[in-house]
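What follows draws every value from the coordinates through simple rules; no lab data is involved. Keep in mind that this is a model prediction, so the values were computed, not measured. Cβ sites come from the backbone with ideal geometry, for glycine too, and all protein chains shown count toward neighbours.
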Amino acid sequence: MRQDIERLLDIAAKTRPYASFFERPDKEQKELGVVEELISGLTTRGSLNLSNLRPHRPDPPDCVCSGEDGKTLAIEVSEVVCESAVSRNARGEKVYRVWRPGELTEVVSARLTEKDSKTFHGGPFDSIVVCLFTDEPALTYEAASTELASQSFGPLRQVSAAYLLFSYDPGTRTYPFIRLPLAA
C-alpha cells in the first residue's frame with residue numbers, strides 16, 4: 001500500500017506541484033478516489049455502509065452509490081484549495097496559503113451553497129452528499145475541526161450531508177474527515 005501511495009504522490013506532484021495528494025490523470029478518477037476514501041472512513045467509523053460506487057453521467061452528480069438499505073445516494077465532489085497558490089506554484093514559485101480564522105468557513109459555505117443549487121441528473125436520489133476535500137499544506141484537520149465545530153451551514157434545499165476529507169495522515173493511517181453540520 002505504501003508503494004501505491006508513493007507512486008500516486010509522484011504522479012500527482014508532476015501533474016500539479018501544490019496540494020497535489022488527490023491529483024489523478026483525469027477528473028473522474030480523482031473524484032472516485034476521493035469518494036472511495038470518504039466511504040472507507042465512514043465504513044470504518046460505522047457511520048454509513050455504502051457500496052457500488054460509480055461515476056455518474058451526465059454530471060452532476062459526480063458519483064452515485066448505494067446505501068445498505070438499497071437507497072441511491074448522489075455525491076458531489078469539490079476541492080478546497082487556494083487557486084492562486086496552485087497557479088503560482090505551477091509557475092515555479094514556492095508559496096502556500098495561510099488560512100486565517102473564518103476563511104475556511106466562508107469557502108465551505110460557498111461550496112455547499114453552490115452544490116445545493118445544481119440540477120441533479122438521473123434522480124430522484126434518496127440523499128445528496130457533498131464531499132469537499134483538501135490537501136492544503138497549512139490547513140490541518142485539528143484547526144479545521146476547531147473552526148468548523150461551532151458552525152452550521154445552510155439551510156440547504158437538496159444536500160442532506162456534507163464532509164470535509166483531508167489527505168492521508170501517516171500518523172493515524174487514515175484519511176481524516178469532518179462531518180459538516182447542516183442547518184435544519
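Tabulated values for the structure
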{"read-out": "Share, in percent, of DSSP beta bridges within the chain that are antiparallel, nearest 5", "value": "45 percent"}
{"read-out": "Radius 10 Å from Cβ of VAL81, net charge of other residues (Lys, Arg +1; Asp, Glu -1)", "value": "-2"}
{"read-out": "In sequence order, calculated HN-Hα J values of region 76-89 (Karplus, 6.51, -1.76, 1.60; Hz; x Gly/Pro)", "value": "10, 10, 8, 8, 9, 8, 7, 4, 5, 5, 4, 5, 5, 5"}
{"read-out": "Distant-in-sequence amide H partners of THR174 (H built 1.01 Å from N, under 5 Å)", "value": "ASP169"}
{"read-out": "Cα centroid separation - region 24-102 against region 117-184, whole Å", "value": "9 Å"}
{"read-out": "³J(HN,Hα) computed for each position of region 25-42 - Karplus, 6.51 cos²θ - 1.76 cosθ + 1.60, integer Hz, glycine/proline x", "value": "x, 9, 4, 5, 5, 4, 4, 4, x, 4, 5, 4, 5, 5, 4, 4, x, 5"}
{"read-out": "Theoretical FRET efficiency, 1/(1+(r/R0)^6), r = Cβ-Cβ of ARG45 and ARG157, R0 22 Å, to 0.05", "value": "0.20"}
{"read-out": "Dimensions (Å) - region 111-184, Cα atoms, principal axes, largest first", "value": "40, 26, 18"}
{"read-out": "Under 5 Å, built H, 5+ apart or other chain: amide partners of HIS56", "value": "CYS63, VAL64"}
